[in-house]
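Note sheet for the following structure.
The values are calculated or read from the model by the stated rules, or taken from the named source; none is laboratory data. Since we're looking at a predicted model, the values are computed, not measured. As a convention, Cβ positions derive from the backbone with ideal geometry for all residues, glycine included, and neighbour counts pool all protein chains shown.
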Amino acid sequence: MRKIQIYEEALCCPTGVCGPTVREDLIRTTAVQREVRDSTTVRIIRYNLAQNPGAFVHQAVVQRLLAAKGMACLPITTVDDRVVKTGEYPSYDEFETYTQLKLNGVPTVS
C-alpha cells in the first residue's frame, strides 16, 4: 500500500474552515484524504505538530528538515517515506500523481 504522510504546522483543525480565513489548501487536502479513505492501494496520514509531536520526533528526515529550515519547511509531504514536497500542500494534480489514482473533483473556495 502506498503511504502518503503530511507533517503539518500546529493547526486548531485540519479542515481549513475554522479560523479568520478559509484555507483552500487545507480544504483540498481534507477532501482528497476523505476521497481515498476507503482505497485499498493508498493511505494518507496527516500529522499535526500540536496533536502528534511524536510523529515529528520519530521521522529522521522531518527532524533534519526542521533543523535546517525551521517551521518554513512545513508542511512536509512524503510518499513511502521519501520527501516529495516541502513548504506547501500538494496541488490536486500532485495528489493524483502521489496516489496514482484518478481523483474526483475536489471543491475549491472562490
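Taking helices (runs of 4 or more DSSP H) as the structural unit, those lying wholly within segment 1-98 and holding at least 1 residues that are among the β-branched types (V, I, T) and modelled with pLDDT under 95 correspond to 24-35, 53-57.
Only one of T97, T86, T77 is closer than 15 Å to I45 by Cβ and under 15 Å from the mean Cα position of the chain (by Cα); which?
Going through T97, T86, T77 in turn, the sole match is T77.
The sole residue among R43, R23, R64 that is closer than 20 Å to T99 by Cα and not aromatic (F, W, Y) is R43.
Could you list, in sequence order, all residues of segment 38-73 that are touching a strand residue (DSSP E or B) at 6+ places or on another chain (Cβ under 8 Å), of a type in the set (A, V, I, L, M, F, W, C) and in contact (Cβ under 8 Å) with a residue 24 or more places away in the chain?
V42, I44, I45, L49, A55, F56, V62
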